[in-house]
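Structure first, commentary second.
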Amino acid sequence: MQSAIETGVIDLEAVADAIKKERPDVVALQEVDINTGRSGKVNQAAQLALKTGLKSFYFAKAIDHDGGDYGVAILSKYPLSDMKTYRLPMDSATQESPAYWRLR
């Protein structure tokens, strides 16, 4: 399952409910905030992992934003290993950092 989290203070419970309804093994998330001011200094990846029961998660930071981090995350019901974030050259129009992980 793939989803984008809207930026800012959002209803993480509603996002978690939508994820749980689909019962996915793995969820790839975009637009994830970690401790940014705009999202209330919440670690969205950790909160969604807790609320969905998908206990393994990894966050890959793309940029600094609003006092915290902004990027992508994966949630998994399977253990993750070998997690890495690969920083690629970026220009002002491209603010993405691919992440790598292995399911076990």
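Read the figures in this text as sums done on the coordinates, not as results from a lab. Just so we're clear, the structure is a prediction, and the values are computed from it rather than from any experiment.
Starting from the amide H of His65, placed 1.01 Å from N in the peptide plane, find each other amide H under 5 Å away whose residue is 5 or more places distant or on another chain.
Those qualifying (amide H under 5 Å, at least 5 residues apart or on another chain) are Tyr70.
Take the residue pairs Lys20/Lys41; Lys20/Lys77; Lys20/Lys61; Lys20/Lys84 and return only those whose Cα atoms are more than 22 Å apart.
Lys20/Lys41; Lys20/Lys61; Lys20/Lys84
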